[in-house]
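Worksheet: the structure to be examined is printed underneath.
The values are calculated or read from the model by the stated rules, or taken from the named source; none is laboratory data. Because the structure is predicted, anything quoted here is derived from the model rather than measured. Note that each Cβ is placed from the backbone with ideal geometry, even for glycine, and that neighbours are counted across all protein chains shown. All accessible areas refer to the heavy atoms of the entire protein, side chains included, with ligands and DNA or RNA removed. Shrake-Rupley method; radii C 1.70, N 1.55, O 1.52, S 1.80 Å.
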Amino acid sequence: MSTAAKLVLAFALFVAGLATGIKYHAGLIAQRDMAAASARRADTIRQHQYSDGAGGEHAAVVAQLSNQLGNAREKIATLSGRECLDPGTVGVLNAIGGEPVRAAASEPAGTPTAASAGGGLRFSTDRDTARAIAVCRARYAEAVSQLDQILDIEAARHGGPE
């Protein structure tokens with residue numbers, strides 16, 4: 001066989017080997033990309049499932065708080081209605097936060113009972129005080145539950161401890 005034929009044959013084998021190597025390398029890249037995409041899909045599904053569970057847990061907490069608030073309102077209705085906070089104390093408490101507290105969607109809107117009678121501040125009764133404390137504690141517990149669920153979702157999303 002002539003030298004030129006040997007060179008052509010060697011070049012053909014080199015090109016075939018090069019093409020096979022490129023094909024093999026492209027296959028490895030494709031496999032790596034497919035594995036990464038599969039891992040992302042699995043992570044997304046896991047996050048959605050965790051978020052759905054956390055949302056359900058928060059809804060259960062809100063329902064429980066609603067029941068507790070209803071029970072508290074029944075007990076508050078049986079209180080005597082005696083005056084327990086003077087107008088100065090009522091004014092100080094109402095001034096906290098700088099702006100009037102808006103009623104929640106489930107609460108009736110209107111003037112607070114401690115400010116409604118007689119056009120000015122009056123004594124707050126034990127019912128007024130108990131009602132305000134019960135609503136405040138229920139809303140606080142609801143906010144804490146929601147924040148805990150958000151933090152748990154973020155921790156799970158970023159691979160941190162739950």
Checklist line | FRET efficiency for residue 42 and residue 64, using Cβ-Cβ distance with R0 set to 35 Å, rounded to 0.05 | finding: 0.60
Notebook entry, point to check: Which value, in Å² rounded to 10, gives the accessible area of residue 8 with a 1.4 Å probe and all protein chains present?
Noted result: 100
Checklist line | Estimated vicinal HN-Hα couplings, Hz - the stretch 8-14 in sequence order (Karplus 6.51, -1.76, 1.60; Gly, Pro = x) | finding: 5, 5, 5, 5, 5, 5, 4
Next item on the list: Restricting things to alpha carbons, tell me how big the stretch 1-78 is in terms of Rg and Dmax, in Å.
Entry: 33.5, 114
Check: Non-local amide H neighbours of residue 85 (under 5 Å, H modeled in plane, Pro and chain starts lacking H): which ones?
Finding: 124
Checklist line | Surrounding net charge for residue 74, when Lys and Arg each add one and Asp and Glu each subtract one, Cβ distance under 13 Å | finding: +4
Item checked: Accessible surface, the stretch 36-102, averaged per residue in Å² (probe 1.4 Å) -> 73
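On a 1.4 Å probe surface of the protein chains, which of 152, 86, 126, 52 comes out largest in accessible area, and what is the full order?
Output order, biggest surface exposure first: 52, 86, 152, 126.
Using the beta-carbon distance between residue 51 and residue 24 and R0 = 41 Å, what value does 1/(1 + (r/R0)^6) give for FRET efficiency, to the nearest 0.05? Mind dumping the intermediate values first?
On the way: r = 41 Å, r/R0 = 1.00.
Efficiency at R0 = 41 Å is approximately 0.50.
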